[in-house]
Each structure stands twice: as C-alpha cells, then as structure tokens.
Amino acid sequence: MARREAEFALSTLKVWRNRMRQRRELSGLDNRALKDIGISRFDAALEAAKPFWKA
C-alpha cells in the first residue's frame, strides 16, 4: 500500500514539474512562435499564470 502511494506521489510531482516547465517555456516564446502554434499572447499569459497543480 505505501509503495503504491509513493509511486502515485512521485507521478504527481513529475506531472506538476512538467507543467511548470511547459508554462515557463510558453511564457518565453516570442509573438512569431506563438502565432506559429496558434496561441495569442493573452492566452499564453493566462496559461502561464495557472498554478502548477491546475491542468
């Protein structure tokens, strides 16, 4: 039981870390890159402002 909980906790931490990294990278993109992926500066800022625990 404890092992399963530890694995779940580790998995959750990995997801959160990934979200933080992706949002940091998204906030660093220039307008041309955002246009290439179809995201406005406003939408990028909204996504980057989300807490790491929110999908």
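The values are calculated or read from the model by the stated rules, or taken from the named source; none is laboratory data. As the structure is a prediction and not an experimental result, all values here were calculated from the model. Using ideal geometry, Cβ is built from the backbone for each residue, glycine included, and neighbour counts are taken over all protein chains shown.
(1) surrounded by 12 or more Cβ atoms within 10 Å (Cβ to Cβ); (2) more than 9 Å from the chain's Cα centre (by Cα): which one isn't true of PHE52, the others all being true? Answer for PHE52: the failing condition is (2). Condition check for ALA2 on (1) surrounded by fewer than 12 Cβ atoms within 10 Å (Cβ to Cβ); (2) out of contact with any Phe, Trp or Tyr (no Cβ under 9 Å at 6 or more places or on another chain); (3) at pLDDT 95 or above: one failure, at (3).
Filter the range 5-55 down to residues that are of a type in the set (S, T, N, Q) and either touching a His at 6+ places or on another chain (Cβ under 9 Å) or not in a helix (DSSP H, G or I) (or both), then give me how many there are. Quick ask: steps written out before the conclusion?
Step one: of the range 5-55, the residues of a type in the set (S, T, N, Q) are 11-12, 18, 22, 27, 31, 40.
Checking the rest, the ones that are also either touching a His at 6+ places or on another chain (Cβ under 9 Å) or not in a helix (DSSP H, G or I) (or both) come to 40.
Matching residues across the range 5-55 total 1.
Remark: pairs (first residue in the range 1-21, over 13 Å from ALA55 (Cα atoms); second residue surrounded by 10 or more Cβ atoms within 10 Å (Cβ to Cβ); Cβ separation under 6 Å; 6+ apart in sequence or on different chains) are absent.
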